[in-house]
Amino acid sequence: MNAIEVKNLTKIFGNFTAVDSINFNVKQGEIFGFLGANGAGKSTTIRMLIGILEPSSGDALVSGFSIKNQSDLVKKNIGYMSQKFSLYNDLTVVENIRFFAGIYGLDGKKYEERKKWVLKVANLENMENTITGSLPGGIKQRLALGTAVIHEPKIVFLDEPTSGVDPISRRNFWDLINELSENGTTVLVTTHYLDEAEYCNDIILINAGKLIAQGTSQELKTNYIKNPILEIEGERVVDSLEILEKEKWVGETSIFGNYIHVILNDNTINEKHIYKLLQEQNGIKIHRVEKITPTLEDVFIHLIERESKKNV
Ligand SMILES: Nc1ncnc2c1ncn2[C@@H]1O[C@H](COP(=O)(O)OP(=O)(O)O)[C@@H](O)[C@H]1O
Ligand SMILES: [Mg+2]
């Protein structure tokens, strides 16, 4: 059985379609990555899947319950961490824990046991009485995740849980997500950090409410870009980019630090053509040109550019 099955799920606000008939399945126990730029429709989808926003059409089964007809059962069986962390900043750490435990009816021994667990995963042992608002972002985030799963739900929805924290906290937070998954929890997580997609078993990409790609990271890299990609390392990156973009055989380009990635339109073009164009004809020192397998970022940029061309 799948943990989540989404069928033609749609949300229309007035005459604006925020989520446009999307379909996907999430397997039990996996980390499922939901990728898309700001405004793509991620939060709207999640709000429907956790039973707090009614779909305009379509349906989904979450833990076997229909979000349309059984939203109360859906709500009881999931955990949810919103983009804004849903913690009360003016309460102490333990008051927040008690509040969320109360929502799910935890008390007595069970409450004590889970409180201890939350304090441990958030690195807040012996800091129960600290005011939540004064905690660093990374710690607050771990506390928010801890409280979101205090009732040990089988499925947890995390909406951009890592936005706005430093890379080390992000990395630590992903260790915690992995830990949940290893213990059997299904995790659906949205992000606009493309590098985080690499930590997910399955990935979907949505753009303007439409699902435009799905698969494992490996499948996305092999199924969606057939053209060769060259990685170029050299001086004067911006000038190089400008020169490259004038060539017919250059499809999409993107900059990764001081590298350029070029998706070629023409299979006969190779490393030598790049040296010739940039170094010999334009005097730009090139250190290295290499054919590479695409990164997920290449794939997503390619797909989103392809979509934007469709819509003009
Ligand atoms: N209640 C609402 N009323 C009208 N438009 C909305 C509402 N909620 C979201 N939207 C719009 O739907 C689109 C998708 O939003 P959202 O799901 O929050 O995107 P994401 O989470 O991917 O950034 C945005 O254009 C947003 O402005
Ligand atoms: Mg959002």
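Before moving on, here are some points about what is shown:
- Other residues within the sphere of radius under 12 Å centred on the Cβ of D195, judged by their own Cβ, net out at -1 (K and R +1, D and E -1).
- Listed peptides 87-97, 276-286 by packing density, highest first (mean Cβ within 10 Å): 87-97, 276-286
- Most positive-pole-ward Cα, V299, I274, I150, against dipole of the chain from beta carbon charges: I150
- Phi angles across region 199-204 convert, under the Karplus curve 6.51 cos²θ - 1.76 cosθ + 1.60 with θ = phi - 60°, into 3J(HN,Hα) values of 7, 9, 6, 10, 9, 10 Hz, Gly and Pro given as x.
- Dipole-positive endmost among N201, V74, L49 within the chain (Cβ charges, Cα centre): V74
- Among F157, F34, F100, residue whose mean-square fluctuation peaks in a GNM of the chain (springs only between Cα atoms under 10 Å): F100
- Among T268, T191, T147: highest mean-square fluctuation, GNM of the chain, C-alpha pairs under 10 Å: T268
- Working ranking of peptides 44-53, 243-252 by packing, defined as the average number of other Cβ atoms within 10 Å per residue, highest first, is 44-53, 243-252.
- Between 0 and 90°, nearest 10: helix 93-103 axis offset from the chain longest Cα axis: 70
- E305-D72 pseudo-label distance in nm [points 7 Å out on the Cα-to-Cβ vector]: 5.2
- Dipole magnitude of region 226-293 about its Cα centre (Cβ charges: Lys, Arg +1; Asp, Glu -1), debye to nearest 20: 160
- Measuring against 31 Å, Cα to Cα, the residue pairs K42/K246; K7/K310; K140/K291; K68/K115; K42/K310 contain K42/K246; K140/K291; K68/K115 as the ones spanning a longer distance.
- Over region 2-222, relative contact order from alpha-carbon pairs under 8 Å, at least 6 apart, %: 29
Just so you know, all these numbers are worked out from the coordinates, no wet-lab data involved. All values derive from a computational prediction rather than experimental measurement. With ideal geometry, Cβ positions are generated from the backbone for all residues, glycine too; neighbour counts draw on all protein chains shown.
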